[in-house]
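Notes follow the structure.
All of the numbers you see were taken from the coordinates with simple rules; none came from a lab. What you see is a predicted model; the values in this text were computed from it and never measured. For neighbour counting, all protein chains shown are included, and Cβ atoms are generated from backbone atoms with ideal geometry for every residue, glycine included.
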Amino acid sequence: MQTLSTLKFSNQLLPSDIAGVSELHRKIYTTEYGYGESFMEYVDTTLDEFYSRYDPLKDKVWLCKSEEELLGFLLLLHHDDQLVQLRYFVLSPQLRGRGIGNKWMNEFLDCMRERNYTRAFLYTSSELPAAAHLYKKAGFVLTESIPSERFGKPVVEQRYELVSELSLKL
């Protein structure tokens, strides 16, 4: 296991990172959860859509690398001046349990405040209880659960939403 001091943390997205995000999803979701090729097609399509409209003034990424291998990723994706989406939040097994998820979630919320975003949402599945715990701890609320088979196996897709304290002060 690598020490945190040997890992490279960054907020700079390089074109090669898109393939790394895709590969990390493939490793984790096909191996750990048995998701099929339709899931990877969805990830690749949405990553391409994201990258074609990526704006570092409105969006933000968090990356963790070992050498050049991507081990963790999180995206704050803008939808409009008030709404963002938390996307592609994934940590390789060697990063889990080391506080990185909590740290990035806090930085995500801080970034929302700094950029005056007032609402956020994310999609996940019920098979990820540790992720759901992290989202709930940050103030996200489950707003929708839908049975689905679009990832090559039966899952329950979930939508979580967050309304920040910024909007409550208006």
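Here the Kirkwood formula puts the hydrodynamic radius of the range 4-168 at 16.3 Å, using every distinct Cα pair. Secondary-structure-derived ellipticity at 222 nm for the chain, considering helices only, amounts to -10000 deg cm²/dmol, per-run term -39500 (n - 2.57) for DSSP H runs with n ≥ 4. Fewest neighbouring Cβ atoms within 10 Å first, the residues His133, His25 line up as His133, His25. Using C-alpha pairs under 8 Å with a sequence gap of at least 6, the mean separation divided by the residue count of the range 52-108 gives a relative contact order of 25 percent. Working from label points 7 Å from Cα in the Cα-to-Cβ sense, the Lys27 to Leu83 distance is 3.4 nm. Expressed to the nearest 5 percent, the antiparallel share of DSSP beta bridges inside the range 4-168 is 90 percent. Spin-label model, Ser92/Leu14: points 7 Å from Cα along the beta carbon direction are separated by 1.5 nm. Residue separation of Ser38 and Val156 scaled by 0.36 nm, minus their Cα-Cα distance, works out to 40.9 nm of gained length.
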